[in-house]
Amino acid sequence: MAPPSPRRLLLCFFLLGLLNNAAYTIMLASAKQISEGGVGLVFAANVLPSLLVKLSSPLWFAAVGYTPRLLLCCALLLVGFQLVALSADYRLQLAGVCFCSAQSGLGEASFLALTALHRPFTARALTAWSSGTGAAGVFGFFWVWLFMDTLGLSLRGSMLLGNLLVLAFAGVYFALPPPPGEQAGRGRASSDEEGLRAAPADSDEEGAGGGADEVELIVGKGGGGEDPVPEGRLRFVTGTLYKYMLPLFIVYFSEYAMQSGTWAAIGFPVEDEGARKKFYEYANWLYQAGVFVSRSSGTLVQANMLVLQLMPVLQTALLVLFTFIAVYQFLYGWGLLAVCFVVGLLGGGVYVNAFTRISVDVEKGPRQEVALAIVSVADSFGILFADVAGLFLQACIYKHHGLDGAKMTCPF
């Protein structure tokens with residue numbers, strides 16, 4: 001039998017990427033409304049729970065299948081949207097952001113690993129997922145622009161509408177085709193399948209029914225099978241995965257320090273709070289557009305390791321440039337938006353190329369599945385450190401220009 005068409009598979013992974021990250025980017029786009037003087041607080045609340053979920057995944061992913069994790073994602077989204085929508089205290093709103101962050105991290109670690117089961121379409125599924133997460137950035141800022149800026153809804157109204165995204169997320173997941181060789185009605189892996197419930201890569205049969213809920217991710221030992229990383233997780237990271245994780249960490253640190261620190265303190269004129277909000281919004285629009293373009297390029301351009309390592313260096317240079325621009329106001333104008341687009345291109349390029357390189361470089365099967373899940377923590381670490389740095393960057397730039405409202409005190 002001929003292998004199934006990947007169109008439905010790729011569309012589902014694109015939509016899963018978009019919907020998984022939609023709440024995350026809606027919170028970023030609403031950061032100024034939640035805490036005008038502490039954008040970094042919103043950014044930190046939007047990444048720390050995600051990071052904790054990813055770090056804890058080896059302890060419990062093996063015991064929890066994809067469908068329970070999807071249902072947990074939906075519950076986290078619902079709680080998060082309600083807290084942000086219905087709370088008057090920004091601290092409770094930050095708690096709502098935390099719930100949405102946990103959902104994003106759980107979904108990312110799960111669905112990145114799930115692509116490894118869809119051989120021989122893993123690389124294309126990764127690109128579709130990456131493209132969807134890039135589109136989520138544009139979608140999130142469009143959501144805020146449409147419902148809040150154009151239609152005049154409050155933060156509460158726009159967040160309550162987010163409940164519709166929960167239904168869409170679940171619907172797309174259950175429409176996802178099963179991995180090759182899956183049989184309808186099967187429950188768990190048998191003990192002799194080496195901890196991975198998927199057919200071999202050369203399987204040419206598609207199950208008669210079922211869906212993604214019939215697949216179980218095994219991060220450690222599972223079902224009595226062999227550990228796919230016998231040398232240990234730490235040695236796997238330091239010996240193999242660091243060359244993908246370090247570029248992700250650096251590029252995400254640089255771009256999120258720009259967003260939460262420097263871009264939040266630029267405006268024409270900078271003394272006008274409305275002008276600062278406008279630049280922050282437009283800068284992020286262009287950034288997200290760049291991310292979407294580059295994350296959609298995984299099947300067209302595959303960067304080699306040298307290029308993968310060079311892109312974070314360029315991103316760091318742009319962070320330094322934007323810091324000097326925000327402080328000394330040279331090259332100060334709307335032309336900076338073009339550079340924001342480049343920032344997005346570099347960030348999205350590192351993301352998609354790191355994961356597609358893993359799909360090529362790392363042995364296929366459970367080992368690759370584990371690698372994809374582990375590497376996903378690198379960007380979260382970068383964002384977390386960037387958010388702390390961004391708080392102080394914003395505070396110091398505010399202090400330099402004599403602006404009030406910063407949530408932190410500049411130590412200089």
Taking the range 67-123, the whole-percent share of alpha-carbon pairs separated by over 14 angstrom is 59 percent
Between the modelled labels at residue 91 and residue 56 (7 Å from Cα along Cα→Cβ) the distance in nm is 2.2 nm
Quick tally, 1.4 Å probe accessible area for 61, 412, 330, sorted with the most first, runs 412, 330, 61
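Using 0.36 nm times the number of residues separating residue 277 and residue 156, minus their current alpha carbon distance, what extension gain do you get?
41.7 nm
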Looking only at lysines whose Cα falls under 26 Å of residue 407's and that sit 8 or more positions away or on another chain, we get 32, 277, 278, 399
Of the candidates 325, 297, 260, the farthest towards the positive dipole end of the range 249-326 (Lys/Arg Cβ +1, Asp/Glu Cβ -1, centred on the Cα centre) is 297
For the range 367-412 the mean separation of alpha carbon contacts under 8 Å (6+ apart) over residue count, i.e. relative contact order in percent, is 30 percent
Rounded to the nearest 10 Å², the 1.4 Å probe accessible area of residue 407 is 100 Å²
Kirkwood Rh over alpha-carbon pairs of the range 93-139 plugged into Stokes-Einstein at 37 °C, 0.692 mPa s gives a D in µm²/s of 278 µm²/s
Reported to the nearest 10 Å², residue 271 has, with a 1.4 Å probe, an accessible area equal to 120 Å²
Placing one equal point scatterer on each C-alpha of the range 296-412 and summing with Debye, one gets log10 I(q)/I(0) at q = 0.17, 0.18, 0.22 Å⁻¹ equal to -0.96, -1.03, -1.28
With 0.36 nm assigned to each residue of separation and the Cα-Cα distance removed, residue 268 to residue 364 gains 29.4 nm
In this structure, the FRET efficiency calculated for residue 401 and residue 145 from their beta-carbon separation, with R0 = 30 Å, to the nearest 0.05, is 0.65
Filtered hits (lysines, Cα-Cα < 30 Å from residue 364, offset >= 8 within chain) -> 54, 221, 243
hull vol. (C-alpha, convex hull) per residue for the range 232-333, Å³ -> 123 Å³
Note on the range 1-126: C-alpha Rg/Rh, Kirkwood Rh, two decimals, gives 1.05
Distribution output for the range 354-412: share of Cα-Cα pairs per 5 Å bin in percent, first bin at 0, values 4, 16, 18, 11, 9, 8, 7, 8, 8, 7, 2, 0
In whole angstrom, the spacing between the Cα centers of the range 104-157 and the range 251-273 equals 23 Å
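Figure the gain on full extension for residue 235 and residue 174 (residue separation times 0.36 nm, minus the Cα-Cα span) and round it to one decimal in nm.
Stretched fully, the residue 235-residue 174 segment lengthens by 18.3 nm.
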For residue 327 and residue 300, extending 7 Å from Cα along the Cα-Cβ vector and measuring point to point gives, in nm, a value of 3.8 nm
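The values are calculated or read from the model by the stated rules, or taken from the named source; none is laboratory data. Everything numeric here is computed off the predicted structure, so don't read it as measured data. All Cβ positions, glycine included, derive from the backbone under ideal geometry; neighbour counts span all protein chains shown. Side chains included, ligands, DNA and RNA excluded: accessible areas come from the protein's heavy atoms. Shrake-Rupley method; radii C 1.70, N 1.55, O 1.52, S 1.80 Å.
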